[in-house]
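Peer 1: Here it is: the structure, laid out below.
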Amino acid sequence: MSKSAPTEYEVVQGPEPHPGRTRAILKAHPQVQKLFGRTPATALFVPIILVAQFGMAYAVREQPWWVIVLAAYTLGAIVNNTCYVIIHEATHSLIFKGRTANLLAAIGADLVHVIPSAVTFTRFHLVHHRHQGEFDLDADLPSHAEAKLVGNSTVMKALWIAFFPLMQALRMPRFSKLISFWEPWTVVNALAVFAADAAVLYFMGPWAFLYVVLSIFFSIGLHPLGGRLIQEHFIIQHPQETYSYYGPWNLTALNVGYHNEHHDFSAVPWNRLPQVKALAPEFYDTLKWHRSWTGLLLKFIFDPSLSLYSRITRPGPQKRQVLTGGVGRVPDSVESLQKPPAAVDSAA
């Protein structure tokens with residue numbers, strides 16, 4: 001008899017698991033600290049990706065619709081997903097030391113995404129790291145309306161994944177009173193991305209633009225790469241709340257599957273994350289991990305025991321403050337990861 005899907009988030013009172021494991025690993029393997037730092041060469045992927053993506057958009061501008069869909073599913077999705085990971089690296093200051101340089105790298109990678117999101121992502125993602133599972137601050141958690149709408153229906157779960165970029169965007173108003181998303185760089189981000197959109201439409205035409213749009217939805221949607229959405233924090237083996245993926249897609253996704261390692265050591269760049277696992281196998285080999293994003297995606301869609309509520313949450317303080325900060329705020333030392341974000345303008 002199959003287990004029924006949860007209809008509410010599981011609430012735990014204990015802290016999230018990462019800070020404790022970070023301290024334990026550092027005590028057992030202090031050499032992990034040598035992996036902290038940045039990889040400036042990551043920025044070199046940006047111009048290569050932009051040429052590949054917009055070059056393909058130009059190549060398919062006069063092709064039949066099915067060629068555009070196939071191109072977006074095979075090349076476009078991979079390129080877009082890699083861009084998301086580059087933005088993620090910039091968010092954690094893992095490309096350059098300076099905030100401006102990281103922001104420029106993130107915005108450059110965002111040019112293929114049609115809707116500007118890089119600077120906004122730098123806000124809510126760092127809060128996710130510091131407040132994992134706290135519903136009023138963790139934008140990685142679906143809203144209650146979102147979770148109830150989808151339920152555990154196979155069709156609705158498939159549609160939720162297919163339109164995930166839109167679903168995630170609809171979560172943002174929930175955090176407007178607690179997380180400040182607006183700054184001058186937000187405007188720069190928007191102008192740059194919308195200028196790229198206009199250039200594609202003007203110089204290449206609507207079919208080229210359709211290729212770019214489809215690439216976004218496939219990159220974090222109904223595609224093997226979409227399994228990442230489920231892999232990171234959906235409960236597959238209770239009570240574990242964060243999972244890693246060790247499979248071939250890490251080659252194009254810049255090791256983004258090493259999610260436990262990343263949450264434990266967010267000062268380690270993508271190219272050194274496998275070394276974290278290699279240095280501390282006794283901490284990671286005992287955790288549940290995934291070998292197939294495709295298999296996990298299908299499991300989530302068809303398993304009636306899984307829903308958007310298959311997540312762990314924890315209560316936060318009753319009184320909050322508006323959180324600020326963005327690219328450049330993740331430090332080089334694990335100790336400073338424990339410091340709270342800058343806070344201004346108290347709010348109830």
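The values are calculated or read from the model by the stated rules, or taken from the named source; none is laboratory data. Everything quoted here is computed from the prediction, not taken from an experiment. Glycine also receives a Cβ, built like all others from the backbone with ideal geometry; neighbour counts cover every protein chain displayed. Surface areas here come from the heavy atoms of the whole protein model, side chains and all, with no ligands, DNA or RNA. Shrake-Rupley method; radii C 1.70, N 1.55, O 1.52, S 1.80 Å.
Peer 1: Could you check Pro184 against (1) crowded, with 18+ Cβ neighbours inside 10 Å; (2) over 17 Å from the mean Cα position of the chain (by Cα) and say which number it fails?
Peer 2: So Pro184 meets the others, but not (1).
Peer 1: Here is a further query. Look at the range 109-125 and say how many of its residues are open to solvent by 10 Å² or more (accessible area, probe 1.4 Å) and in a helix (DSSP H, G or I).
Peer 2: Total satisfying the criteria: 5.
Peer 1: Quick check on Tyr245: is it buried (at least 21 other Cβ atoms within 10 Å of the Cβ) and in contact with a strand residue (DSSP E or B) (Cβ under 8 Å, 6 or more places away or on another chain)?
Peer 2: yes
Peer 1: Hey, among the residues in the range 248-259 that are touching a strand residue (DSSP E or B) at 6+ places or on another chain (Cβ under 7 Å) and touching a residue at least 24 places away in the same chain (Cβ under 8 Å), which one's surrounded by the fewest Cβ atoms within 10 Å (Cβ to Cβ)?
Peer 2: The extreme case among them is His259.
Peer 1: Another one. Determine whether the range 110-132 contains at least one residue that is in contact with a strand residue (DSSP E or B) (Cβ under 7 Å, 6 or more places away or on another chain) and among the hydrophobic types (A, V, I, L, M, F, W, C).
Peer 2: yes
Peer 1: When the residues of the range 140-158 are filtered to those that are under 23 Å from Thr294 (Cβ atoms) and among the aliphatic types (A, V, I, L, M), which remaining residue is surrounded by the most Cβ atoms within 10 Å (Cβ to Cβ)?
Peer 2: Val150
Peer 1: Condition first: more than 28 Å from Asn81 (Cα to Cα), touching a residue at least 40 places away in the same chain (Cβ under 8 Å) and open to solvent by 60 Å² or more (accessible area, probe 1.4 Å). Now tell me which residues in the range 24-53 satisfy that.
Peer 2: Gln31, Gln33
Peer 1: Something else now. Please state which of the following conditions Ser93 fails to meet, knowing it meets all the rest: (1) assigned to a helix (DSSP H, G or I); (2) modelled with pLDDT under 95.
Peer 2: (1)
Peer 1: Just to be sure I understand, how many residues within the range 73-92 are more than 19 Å from Arg61 (Cα to Cα), open to solvent by less than 10 Å² (accessible area, probe 1.4 Å) and not hydrophobic (A, V, I, L, M, F, W, C)?
Peer 2: Count: 4.
Peer 1: Then there's this: Kindly list, by first and then second residue, each pair from a residue in the range 117-139 that is on the phi > 0 side of the Ramachandran plot to a residue that is among the β-branched types (Val, Ile, Thr) and at pLDDT 90 or above, limited to pairs with Cβ atoms under 7 Å and residues at least 6 apart or on different chains.
Peer 2: Close Cβ pairs (under 7 Å, with a partner that is among the β-branched types (Val, Ile, Thr) and at pLDDT 90 or above) amount to Gly133/Ile312; Gly133/Thr313.
Peer 1: Moving on. Within the range 260-306, which residues are outside any helix (DSSP H, G or I), out of contact with any His (no Cβ under 9 Å at 6 or more places or on another chain), in contact (Cβ under 8 Å) with a residue 40 or more places away in the chain and of a type in the set (S, T, N, Q)?
Peer 2: Ser292, Ser305
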